[in-house]
Amino acid sequence: MTGEEEPLPFDPAPPIGPALARVSALTDLGRQVFNDPALSASGRMSCASCHDPAHGFGPPDAAPVRMGGPKLDQPGTRAVPSLAYSQFSPFFDEHHYPEDDEADGGLDAGPTGGRTWDGRVNRGRDQAGIPLLSAREMANADAASVVAKVAAANYAGDFRKLYGEGIFADPKAAFLAIDESLEVYQEYPPEFAPFSSKYDAVLLGRAKLSEQEQRGLAAFNDPQRGNCASCHVSRLSARGALPLFTDFGLIALAVPRNKAIPANADPTYFDLGLCGPERRDFTNRKEYCGRFKTPSLRNVALRPVFFHNGVMTKLRDAVAFYAERERRYDDLPAEYRGNVNREPPFDRGPGDAPALTEQEITDITVFLKTLTDGFSKASSPVAVTGAGGDHLDSTRRGLP
């Protein structure tokens, strides 16, 4: 070292204004794409039809799956996941070693991260492309069909301004641009990650939990009772990072089979999550069968259905499942039942008292309602933490 400062690779520093303006324009463009039903084969389904902003960007009603296809008569097979806070999910890793302040960095946490219930894609743009082409969702025949519809939309000029006059002449590039606009919009903090819940205000010293909410939090955190925080991290990190209420791991909970899903009318059909049928790279890994991604509990009280198959429609019932799970595991073939998680509160045997009392189930349910955004103005934390340690907040990454 000479003592002199190393020169930056650019001189002078590039202006930040144009970059922020482009991101702002992409956000506005992505919002229009997200809400446009004309981009579906039916002309009646948009991204927002399934990912309803009023329900934490999750499903709009208690139907277990959505109806899609050209005539909106093709049922899905899984409940709609929330898109809120999903931008903080790490890339899928079969062997994840947490580096955050609450975990032992030497322990293999197993399969973690990715998008969708089975973590099969890593980027928001890749997730956004799935429903556009799925036969059970927006049902476009191919990428070129989507591009043609966008080229005819009233916001097509905005695409040309951002990507060039000839963008629609190259369907592959145009489809990627469409997915990018959706990705940027879905990372817009004021809408998708505002950190404005009552619990955020409590952690930042701006509010206090009620006595019942405090009891619920205590039961939620207690390793011998709810043990919820083992997967749904609830604490500030040592660096003051707000929690995401998920470790993004993929775990086998063995929720009951939902007979309201048409695919389940076939007794030989099973949705095995990480090992198929939607994800194909782990079909021969029996130890992964039955695993689904741990969702964030932020805005969970806004959801009308719970778990990957929407088998429960009341938040209290979803909490009670953890204390009262039966061992019949009717939505998982017998050969995979050894994969089912049996850590507390799932460690009770026949005749044992449930891990949670009826009052504690109620208290946890009340606490979970403090995770709903909109209690206060949006927070601007230095960082948030999930499975992979601290992640810079989107507002610190140049998003508007």
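The values are calculated or read from the model by the stated rules, or taken from the named source; none is laboratory data. Please read all numbers here as calculations on a predicted model, not as lab measurements. A quick note on method: Cβ atoms are made from the backbone with ideal geometry, for glycine too, and the neighbour counts reach across all protein chains shown. To get the accessible areas, we keep the full protein, side chains included, count just its heavy atoms, and leave off ligands, DNA and RNA. Shrake-Rupley method; radii C 1.70, N 1.55, O 1.52, S 1.80 Å.
Overview of results
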| read-out | value |
| --- | --- |
| FRET efficiency, ARG337 to SER376 (Cβ-Cβ, R0 51 Å, nearest 0.05) | 0.70 |
| Under-26-angstrom lysine pairs by C-alpha in the range 132-223, whenever the two are 8 or more apart or on separate chains | 4 |
| Amide H contacts of GLY68 (H built 1.01 Å from N, under 5 Å, at least 5 apart or other chain) | ASP73, GLN74, GLY76 |
| The range 33-86-the range 273-337 distance, computed between alpha-carbon centres (Å) | 20 Å |
| Cα-centre dipole for the chain with unit charges at Cβ (Lys and Arg positive, Asp and Glu negative), debye to 20 | 1220 debye |
| Pairs of Cα atoms farther than 18 Å apart, the range 147-202, % | 44 percent |
| Solvent exposure, largest accessible area first (probe 1.4 Å, DNA, RNA and ligands not counted), of ARG22, ARG257 | ARG22, ARG257 |
| Gain on full stretching of the segment that runs from GLU287 to GLU94 - 0.36 nm per residue minus C-alpha separation | 68.3 nm |
| Stretch gain in nm, segment ARG206-SER134, where the contour uses 0.36 nm per residue and the Cα spacing is subtracted | 21.5 nm |
| Signed unit charges on C-beta, dipole axis of the chain, positive-most listed residue LEU83, CYS50, SER230 | CYS50 |
| Difference of contour (0.36 nm per residue) and Cα-Cα distance, ASN154 to GLN359 | 68.4 nm |
| Alpha-carbon Rg with Dmax, taken over the chain, Å | 22.1, 73 |
| Under-5 Å amide H pairs with GLY249, H placed in peptide plane, nonlocal only | GLY113, THR294 |
| Within straight-line cross-link reach of LYS259, lysines at Cα separation under 20 Å, skipping those fewer than 8 residues along the same chain | LYS314 |
